[in-house]
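**Q** Could you have a look at this structure, given as structure tokens, before my questions?
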Amino acid sequence: MPAKIWKDEEVSLDPIREEVIAVIGYGSQGRAQALNMKDSGLKVVVGLRKGSKSWGLAEKEGVRVLTVGEAVKEATIVHILIPDMVQSKVYKDEIEPNLKEGMALSFAHGAAIHWGWIEPPAEVDVIMVAPKGPGPLVRELYLEGFGVPSLVAVEQDYTKRAWDRVLGMAKAIGSTRPGVIKTTFKEEVETDWFGEQVDLCGGVTSMIKAAFETLVDAGYQPEVAYFECLHELKLIVDLIHRKGLSGMYEAVSETAKYGGLTRGDRVIGPASRAAMKAILKEIQSGKFAREWIEAYEKEGKESFEKYIRELKEHQIEKVGERLRKLMWRD
Ligand code: NAD
Ligand code: MG
């Protein structure tokens, strides 16, 4: 069965006009979603830590800011947009004590609920609006009269209004204009993590590095290898994004068509597919979630920053720094 997709004309804001939405956090998603919902006419208050750097910015941009606990006290929907790894503590300390029957706990990612980092009481709704794009784009496309598509889910429907609430919020941030897709918390987390590990962040950087190293090791100039293996990827991905995989092939040379179509599956062959399956299993079983929590508890952000430092030392980064200066001025 094809996935359920809601469009703008099928969704009304009316059922949530009287709700007070406490957006917790004013970072990438928090800022974009709070401003979009406010501009859509909803009642929005932002909850932040005392002394948070974002406090002044949020006030300057015209939203009311309170501490997290105070914001939750005023709210009927609590939209939690702080980093996933701090959600459990902030929930315990400041959100849970202020929850009342019939409120909704809302998320932009399914992890905290799916893995049990947060265990909400039975008498609230638990919903998710997960935009399929970074916060700044959520804001930018909204201002252009469009939006970023979102996934929506309901984990707990105490009030029997959970779908009205989640769809109303999705409309208010602009997502029903392109469309909103129905999912579950489990599907959202597992596919989101799989995508970023195998394809979007992990897979693509490893592919770029490996292709670059293969050329440089064979004696080609790193600058030329950089253009081939990294720079041009954007042009190709833009084509795929607009026209699909076969649409991209229509736009490249005949040699690129024949070469790409007969060689691609050798690069991502049985070994890579087996690795993808193993990585998916680690996600589904909770092994990755446990490893990530343990790493974060032990080392905090250092658990990934050490790898970023290592990456910065890679030759492709040094070459890239020099070449990007020639191409972009910012
Ligand atoms: P972010 O790191 O950009 O923003 C964090 C905000 O939380 C900041 O305002 C920060 O001051 C505040 N904060 C941090 N620690 C806090 C604490 N202990 N108490 C109170 N406030 C605290 O986060 P983000 O990328 O916007 O992610 C928020 C949620 O959105 C996450 O669940 C994430 O998975 C989800 N999401 C993000 C994206 C994305 O592209 N960034 C896309 C879809 C979903
Ligand atoms: Mg994602």
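Since every read-out is calculated from the coordinates, none of them should be taken as a lab result. Predicted model only: the values in this text are computed from it and were never measured. Every residue, glycine among them, receives a Cβ derived from its backbone with ideal geometry; neighbour counts consider all protein chains shown.
**Q** If I build a Gaussian network model for the chain, linking alpha-carbon pairs within less than 10 angstrom, which residue out of Gly102, Gly174, Gly41 has the largest mean-square fluctuation?
**A** For the chain, modelled as a Gaussian network with Cα springs under 10 Å, the answer is Gly41.
**Q** Taking the number of other C-beta atoms within 10 Å as the exposure measure, put Met1, Met103 in order starting with the fewest.
**A** By the 10 Å Cβ count, ascending, the order reads Met1, Met103.
**Q** Go ahead and set up a Gaussian network model of the chain, Cα springs under 10 Å, then flag whichever of Leu245, Leu81, Leu151 fluctuates most.
**A** Leu245
**Q** Out of region 158-262, which GluC sites (Glu not before Pro) are coil in DSSP terms and have no more than 15 other C-beta atoms within 10 Å?
**A** Answer in residue order: no site qualifies.
**Q** Name the residues whose placed amide hydrogens come within less than 5 Å of the amide hydrogen of Phe107, ignoring near sequence neighbours (fewer than 5 apart) on the same chain.
**A** The list, which skips near neighbours in sequence, is Ile80, Ile127, Met128, Val129.
**Q** Can you compute the FRET efficiency between Ser246 and Ala278 using 1/(1 + (r/R0)^6), with r the Cβ-Cβ distance and R0 = 30 Å? Round to the nearest 0.05.
**A** 0.55
**Q** Right, something else. Can you tell me the dipole magnitude for region 25-123 around its Cα centre, using point charges on the Cβ only (Lys, Arg +1; Asp, Glu -1), in Debye to the nearest 20?
**A** Here region 25-123 has a charge dipole of around 380 debye.
**Q** Counting other Cβ atoms within 10 Å of each Cβ, which GluC sites (Glu not before Pro) in region 1-65 have at most 11 and sit in a DSSP loop?
**A** Those that pass, being in a loop and sparsely packed, are Glu18.
**Q** Considering the alpha-carbon set of region 150-251 alone, what are its Rg and its Dmax in angstrom?
**A** According to the Cα coordinates of region 150-251, Rg and Dmax are 20.1, 66 Å.
**Q** Considering only DSSP beta bridges whose two residues both sit in the chain, what percent are antiparallel, to the nearest 5?
**A** 25 percent
**Q** Neighbouring Cβ atoms within 10 Å as the yardstick, rank Phe212, Phe227 fewest first.
**A** In increasing order of surrounding Cβ atoms, one gets Phe227, Phe212.
**Q** Next up: Taking the Cα-to-Cβ direction at Asp14 and at Val86 and moving 7 Å from each Cα, how far apart do the two end points lie in nm?
**A** Spacing of the two 7 Å Cα→Cβ label points: 4.0 nm.
**Q** Here's another thing I want to ask about it. Please report, for the Cα atoms of region 21-171, the Rg to one decimal and the Dmax as a whole number; what are they, in angstrom?
**A** Cα-based Rg and Dmax for region 21-171 come out at 14.1, 39 Å.
**Q** Oh, and also: Rounded to whole Å and sorted largest first, what semi-axes of the equivalent ellipsoid does the C-alpha gyration tensor of the chain yield via the square root of 5 times each eigenvalue?
**A** Values for the chain, descending: 39, 23, 21 Å.
**Q** If you put +1 on each Lys and Arg Cβ and -1 on each Asp and Glu Cβ, how big is the dipole of region 8-48 around its Cα centre, in Debye rounded to 20?
**A** 380 debye
**Q** Enumerate the amide H contacts of Thr67 below 5 Å, restricted to partners 5 or more residues apart or on another chain; note that Pro and chain-start residues carry no placed amide H.
**A** For Thr67, the qualifying residues are Leu48.
**Q** How far apart, in nm, are the 7 Å Cα→Cβ label points at Tyr220 and Gln315?
**A** 1.3 nm
**Q** Tell me the volume per residue, in Å³, of the convex hull enclosing the alpha carbons of region 224-330.
**A** 175 Å³
**Q** Next up: For a quick check: sort His114, His79 by the number of other beta carbons within 10 angstrom, fewest at the front.
**A** So the ranking, lowest neighbour count to highest, is His114, His79.
**Q** Quick one: dipole size for region 193-271, taken about the Cα centre, charges +1 on Lys/Arg Cβ and -1 on Asp/Glu Cβ, in debye to the nearest 20.
**A** 200 debye
**Q** Could you give the Stokes-Einstein D for region 86-185 in µm² per second, using the C-alpha Kirkwood radius, 10 °C, 1.306 mPa s?
**A** In µm²/s, the coefficient is 113.
**Q** Compute the length gained on full extension between Val267 and Leu323: take 0.36 nm times their separation in residues and subtract their Cα-Cα distance, giving the result in nm to one decimal.
**A** Roughly 17.5 nm would be gained on extension.
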